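Heads up: the structure comes next, in structure tokens.
Derivation of every value follows stated rules applied to the coordinates shown; laboratory data play no part. Just so it is clear, the model here is predicted, and its values are computed rather than measured. Heads up, the Cβs are rebuilt from the backbone with ideal geometry, glycines too, and the neighbour counts pull from every protein chain shown.
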Amino acid sequence: MALIVVAENDSDALDLALTDLRLEGHEVHGAADAKQAERLIADLAPDAVVLDHRMAPGETGLSLAERLVVSHPDLRVVMYSNYQSPELSSRASAIGVRFLAKGNLRALRAALVDR
């Protein structure tokens, strides 16, 4: 399966995503913010990263995604957030990043394995 980093500042949502993806057979590591996610990405060279958009304090998931698609072009990046807006979805799509509503674990699982 895949090596995945999940960045989510809500500890309950992070635990749910980690547990679900581990049950699918993935090796999954959690980060509480964008800075920690970026360190894990550098250390682990994962196959995929799942980013919440709003991760206070600090950088948003979309701004990290914008950097990652340039610095790690083979890394699958998925936005998974409660914060939904047409502009945000459009910006994610423009850089080739899937944008999913948080809570839809089936869609998240599919986004991590479907190209």
Hits in the stretch 7-41 (condition: in contact (Cβ under 8 Å) with a residue 60 or more places away in the chain and of a type outside the set (D, E, K, R)): Ala13, Leu16, Ala17, Leu21, His26
Is there a residue in the stretch 85-93 that is surrounded by fewer than 21 Cβ atoms within 10 Å (Cβ to Cβ) and outside any helix (DSSP H, G or I)? yes
For the stretch 42-73, the count of residues that are among the aliphatic types (A, V, I, L, M), part of a loop (DSSP other than H, G, I, E, B) and free of Cβ contacts under 8 Å to residues at least 12 places away in the same chain equals 0
For the stretch 29-80, how many residues meet the condition of being among the β-branched types (Val, Ile, Thr) and either over 13 Å from the mean Cα position of the chain (by Cα) or within 19 Å of Arg109 (Cα to Cα) (or both)? 5
Evaluate the stretch 99-110: report whether one residue or more is closer than 12 Å to Ile4 by Cα, basic (Lys, Arg) and either in a helix (DSSP H, G or I) or in contact with a helix residue (DSSP H, G or I) (Cβ under 8 Å, 6 or more places away or on another chain) (or both). yes
Exclusive hit being surrounded by fewer than 21 Cβ atoms within 10 Å (Cβ to Cβ) and out of contact with any Leu (no Cβ under 7 Å at 6 or more places or on another chain), set Glu59, Glu38, Glu27: Glu59
